[in-house]
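Notes follow the structure.
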Amino acid sequence: MQSATQPRAPGLPPLWLALAVWSFGAALYLIGFFQRVAPAVITQELMTEFAMGAAALGNLSAFYYYSYVAMQIPTGMLADHWGPRRLLTAGAGVAAAGGALFALSPGYMLVGAGRLLIGAAVGVAFVSMLKLASHWFHARHFAMMSGIALMCGVIGAVSAGLPLRVLVDAFGWRPVMLGVAGLTAALCAATWLAVRDDPAERGFRSHFAGGHSAARRHSMLGGLRAVVRVANVWLIFFAAGGISGPTLTFAGLWGVPFLTTHYGLTTRESALLASVVLVAWALAGPVMGAASDRVRARKPLFILGAGVAAIGWIVVLQFGGLPLPVLVGVLALTGVASGAVMVSFAFAKESVPAHLAGTVSGVINMGNMLGGLIMQPAVGWILDRHWDGALVNGARVYSFDAFRSGFSLMLVWIFLSVVAALATRETHCRQSR
């Protein structure tokens, strides 16, 4: 029997507090997704102002991905050892500086430098969110929280669709992007004041297996070596890139000019239709995560999503002149199927020991983003090789055959992703020791 003088053991944090702490990472991730997709909506302004072709525009957009991807493994290791609070604060500060540089720069090189800074800075957000989730929420909710994280990001992406187009039409792209940089600077200060790495720092009991200090007993490079020795990690890494790549490439850059040119839609209508893919992706993420938790299996949903997404992209990207309702329906279904990529984070986390959650999340998110990094400039390069010299308002216009050739690269990768998913080892939602 407990003595009257013995202090009561701390309880778990209330849900509202856990969500409040986690939401600061979600806010930076939302801004990161906004910045990722924004060039798709202002392609004509960028191509005209900086006299760019498709390859140059693809590279400008991909500057974000270059630094974002490069940050994923270091972010994962630092999240395990330094904690997400410091990473999120620093990330928001650097993202604000990069956003201001992008908005104010007079030339291509400085605009590209701004994109590099933004990508590196917001690259800490997703892994930090997953790290916070592993401490502030029960393990059985990890896959669902991964999906909700994607939903937060896609809210940012949708904001960079029609709403951004309306604001740019009203105020110009530079003032709007400078305003986003100011909001990011405010988030930097708020994150440092409000976020804590573990419930123990607020007087509550942690959900993290092994306690708040467990991860700090292992070297960063030792943890990375342990992660990359696991075959499942590499298979999930490759498959995630192939599932996310078409979505990030289509909705993140080339979908708007494709739809505007070949379906006769306005830029606003094309931005709205590209957002359908992202919204479907966002809504499906937490549902698929929760479903995989419920059935106690990761692999079946992962394979099913990759397969259906592959078929959907074939229909959209290789067959022209679809009736608009059919096009919308196929894009929505493809976005839903692509949401299966969010299962990959729980799948990979369970494939390694619990204290390496941050490191493995960084590795998988690096794979997740490789699709956009490689495909956006690659599609642009192929478009330029097939350009017939057509111009509209100073911007290049590409034929359907040019787009079909460029998009075919994405289809090869997503089909190989299905093969990789088939080769994974099921974890049955049990954490590796």
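Of note:
- Considering the stretch 234-252, the residues that are out of contact with any Ser or Thr (no Cβ under 6 Å at 6 or more places or on another chain) and more than 18 Å from Ala378 (Cα to Cα) include one that is surrounded by the fewest Cβ atoms within 10 Å (Cβ to Cβ), namely Trp234.
Matching residues to (1) under 23 Å from Ala38 (Cα atoms); (2) of a type in the set (Gly, Ala, Ser); (3) crowded, with 17+ Cβ neighbours inside 10 Å:
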position: Ser292; (1), (2), (3): no, yes, yes
position: Ala310; (1), (2), (3): no, yes, yes
position: Val316; (1), (2), (3): yes, no, yes
position: Leu324; (1), (2), (3): no, no, no
position: Ser338; (1), (2), (3): yes, yes, yes
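- Scanning the stretch 11-36 for residues being of a type outside the set (A, V, I, L, M, F, W, C) and either at pLDDT 95 or above or over 15 Å from Leu164 (Cβ atoms) (or both) gives a total of 6.
- The listed residues are Met47, Met52, and the only one of them that is touching a Leu at 6+ places or on another chain (Cβ under 9 Å) and not in a helix (DSSP H, G or I) turns out to be Met52.
- Residue within the stretch 61-71 that is polar (S, T, N, Q), over 25 Å from Pro199 (Cα atoms), without any contact (Cβ under 8 Å) to a residue 24 or more places away in the chain and open to solvent by less than 10 Å² (accessible area, probe 1.4 Å) present: no
- Some residue of the stretch 189-205 being on the phi > 0 side of the Ramachandran plot and modelled with pLDDT under 85: yes
- When Ala149, Ala133, Ala189 are screened for being of a type in the set (A, V, I, L, M), touching a Ser or Thr at 6+ places or on another chain (Cβ under 9 Å) and closer than 29 Å to Val363 by Cβ, only Ala133 passes.
- Any chance Leu224 is under 21 Å from the mean Cα position of the chain (by Cα) and either modelled with pLDDT under 90 or open to solvent by 60 Å² or more (accessible area, probe 1.4 Å) (or both): no
- Residue list for the stretch 146-163, filter: open to solvent by less than 10 Å² (accessible area, probe 1.4 Å) and either modelled with pLDDT of 85 or more or in a helix (DSSP H, G or I) (or both): Ser146, Gly147, Ala149, Leu150, Gly153, Val154, Gly156, Ala157
- Of all residues assigned to the stretch 401-422, at least one qualifies as being at pLDDT 85 or above, farther than 22 Å from Val316 by Cβ, surrounded by 15 or more Cβ atoms within 10 Å (Cβ to Cβ) and not basic (Lys, Arg).
- Taking the stretch 120-131 as the range and being crowded, with 24+ Cβ neighbours inside 10 Å, out of contact with any Gly (no Cβ under 6 Å at 6 or more places or on another chain) and part of a helix (DSSP H, G or I) as the test, the residues that pass are Phe126, Leu130.
- The stretch 378-395 residues that are under 16 Å from Pro246 (Cβ atoms), paired with ones that are in a loop (DSSP other than H, G, I, E, B) and of a type outside the set (A, V, I, L, M) (beta carbon under 6 Å, 6 or more apart): Leu383/Tyr398
- Residue within the stretch 178-200 that is of a type in the set (Lys, Arg), closer than 21 Å to Gln44 by Cβ and open to solvent by 40 Å² or more (accessible area, probe 1.4 Å) present: no
- Screening Val412, Val392, Val419, Val379 for residues that are on the phi < 0 side of the Ramachandran plot and more than 23 Å from the chain's Cα centre (by Cα) leaves exactly one candidate, Val392.
- For His355, the test of being over 29 Å from Arg115 (Cβ atoms) and either in contact with an Asp or Glu (Cβ under 9 Å, 6 or more places away or on another chain) or among the basic types (Lys, Arg) (or both) is passed.
- Some residue of the stretch 274-285 being surrounded by fewer than 23 Cβ atoms within 10 Å (Cβ to Cβ) and hydroxyl-bearing (Ser, Thr, Tyr): no
- Qualifying residue in the stretch 384-393 (condition: in contact with a Leu (Cβ under 7 Å, 6 or more places away or on another chain) and more than 14 Å from Leu235 (Cβ to Cβ)): no
- Exactly one residue among Leu178, Leu117 is part of a helix (DSSP H, G or I) and over 19 Å from the mean Cα position of the chain (by Cα), and that residue is Leu178.
- Residues that are small (Gly, Ala, Ser) and over 27 Å from Trp387 (Cβ atoms), drawn from the stretch 405-426: Ser417, Ala420, Ala421, Ala423
- When the test is whether a residue is basic (Lys, Arg) and buried (at least 24 other Cβ atoms within 10 Å of the Cβ), Lys349 passes it.
The values are calculated or read from the model by the stated rules, or taken from the named source; none is laboratory data. Worth saying up front: this structure is predicted, and the values here are computed from it rather than measured. Cβ: placed from backbone, ideal geometry, glycine included. Neighbour counts: every protein chain shown. Protein only, heavy atoms only, side chains kept; ligands, DNA and RNA dropped before computing areas. Shrake-Rupley method; radii C 1.70, N 1.55, O 1.52, S 1.80 Å.
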